[in-house]
Amino acid sequence: MGKRVLLIEDEPNIIEAISFILSRDGYTVHTHEDGTTAMDKLTKQIPDMIILDVMLPGRSGYDILRDVRATDGTKDLPVMMLTARGQTKDRELAERLGATLFLTKPFSNTEVRDHVRRLIGS
């Protein structure tokens with residue numbers, strides 16, 4: 001079984017595209033769409049990496065990232081943040097909270113795949 005990626009994203013087209021490209025590359029991709037229950041999903045089966053949208057229903061990706069970094073077992077996981085808001089202040093906040101990488105939408109599927117390969121291998 002390939003390395004596991006948890007994609008926390010609520011936009012169906014992005015879920016489908018990232019799941020497809022990473023699955024084709026040998027990764028096991030689990031998805032979750034709700035910010036409120038994301039930490040429950042995350043801690044039940046800890047992945048090798050998290051891809052986390054900033055704007056989610058119920059709870060922001062920044063809040064989730066804060067919890068990820070404060071929780072034993074997840075604090076060292078690579079976290080790739082995705083956002084449609086690419087302002088400097090958004091990037092700086094993500095970096096302060098401990099994001100490993102910050103991508104602004106739109107991005108290419110190849111770019112996501114290459115970053116995942118670099119962060120966790122295959």
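The values are calculated or read from the model by the stated rules, or taken from the named source; none is laboratory data. All of these numbers come straight from a predicted model, not from anything done at the bench. Positions of Cβ are generated from backbone atoms using ideal geometry, with glycine treated the same way; all protein chains shown enter the neighbour counts. Please note that ligands, DNA and RNA were not included when accessible areas were found on the heavy atoms of the full protein model with its side chains. Shrake-Rupley method; radii C 1.70, N 1.55, O 1.52, S 1.80 Å.
Here are the numbers for this structure:
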read-out: Helix-derived mean residue ellipticity, 222 nm - over the chain, DSSP H n ≥ 4, -39500 (n - 2.57), to 500; value: -12500 deg cm²/dmol
read-out: Residues with amide H under 5 Å from that of residue 102, placed H, sequence gap 5 or more; value: 81
read-out: For the stretch 111-116, 3J(HN,Hα) per residue [Karplus equation, 6.51 cos²θ - 1.76 cosθ + 1.60, θ = phi - 60°, Hz, x = Gly/Pro]; value: 4, 4, 4, 5, 5, 4
read-out: Label-point separation in nm, residue 24 to residue 93, each point 7 Å along Cα→Cβ; value: 3.4
read-out: Where labels lie 7 Å past Cα in the beta-carbon direction, separation of residue 122 and residue 76 in nm; value: 2.5
read-out: Whether the stretch 4-120 is rounded, prolate or oblate, judged on the alpha carbon gyration tensor where a/c under 1.5 counts as rounded; value: rounded
read-out: Solvent-accessible area, 1.4 Å probe, carbon plus sulfur percent, for the chain; value: 47
read-out: Exceeding the 21 Å Cα-Cα cut-off - candidates 3/89; 3/41; 3/75; 44/105; value: 3/89; 44/105
